[in-house]
Structures are given as C-alpha cells and as structure tokens.
Amino acid sequence: MPFNHAKSHLRLLEYGILGYPVVCSDLTPYRGDFPVTRVRNRHRDWVEAIREHVTDLAASAERGDVLRAHVRKHWLLENNLDVWLEGWLA
C-alpha cells in the first residue's frame, strides 16, 4: 500500500513525548532507530505484540520511557538547534 509507506513518523513523536510504548506496523516511516515494537501487518503478529506489552506492564512502561528519552534527545528543537541550523544553512 503506497499510501501507508508515504506517511510520516509524527505519531511516533507524539506518542513518544507522552511516554506511551508503541506497537506499530513495520512501514517505511516507522523504521529507523525509534525504540518501538514493529510488527508485520498480520493479525497474529499484532495480537502477540499487544499481549507481550500487557503481560508485563512494568516493561511496557519502561519502553515508553525509553521512547520519550529518544524523542527528547533527538527530536526536540531546543536540544538540537545547532543541527537544524547547520541543515538550513548548508
């Protein structure tokens, strides 16, 4: 589905800054170094990943914390002004 591969990773940033653990389809916009659980778009894979997250809520909460830290470190403008400035001026 070309439409799904053309989406952005904005949802990962939105959920990440809130500290939500994420289970997502393994699509182009969600690949990279985001610490999320990627699954093939099959019912069985989604059920398995969701069960894993709800079975150990402490581990799931930790995954959310790790994602929040990743977003804060790599995606907040205030923390990366020099990188953004270099990109715009290049």
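Quick notes on this structure:
- Pairing each residue of region 25-49 that is modelled with pLDDT of 95 or more and surrounded by 15 or more Cβ atoms within 10 Å (Cβ to Cβ) with any residue that is of a type in the set (Gly, Ala, Ser) and not in a loop (DSSP other than H, G, I, E, B), provided the two are 6+ apart or on different chains, yields C-beta distances under 8 Å for PHE34/GLY16; THR37/ALA49; ARG38/SER25; VAL39/SER25; VAL39/ALA49.
- On the stretch given as region 56-80, residues that are at pLDDT 95 or above and over 12 Å from ILE17 (Cβ atoms) total 9.
- Scanning region 25-49 for residues that are of a type in the set (A, V, I, L, M, F, W, C) and out of contact with any strand residue (DSSP E or B) (no Cβ under 6 Å at 6 or more places or on another chain), we see that the one that is farthest from TRP75 (Cα to Cα) is VAL47.
- Residues that are acidic (Asp, Glu) and either exposed (fewer than 10 other Cβ atoms within 10 Å of the Cβ) or in a helix (DSSP H, G or I) (or both) within region 50-90 comprise GLU52, GLU62, ASP65, GLU78, ASP82, GLU86, listed in sequence order.
- Within region 47-72, tally of residues that are acidic (Asp, Glu) and over 14 Å from PRO35 (Cα atoms): 3
The values are calculated or read from the model by the stated rules, or taken from the named source; none is laboratory data. All values reported here derive from a predicted model rather than from experimental measurement. Backbone-built Cβ (ideal geometry, glycine too); neighbour counts: all protein chains shown.
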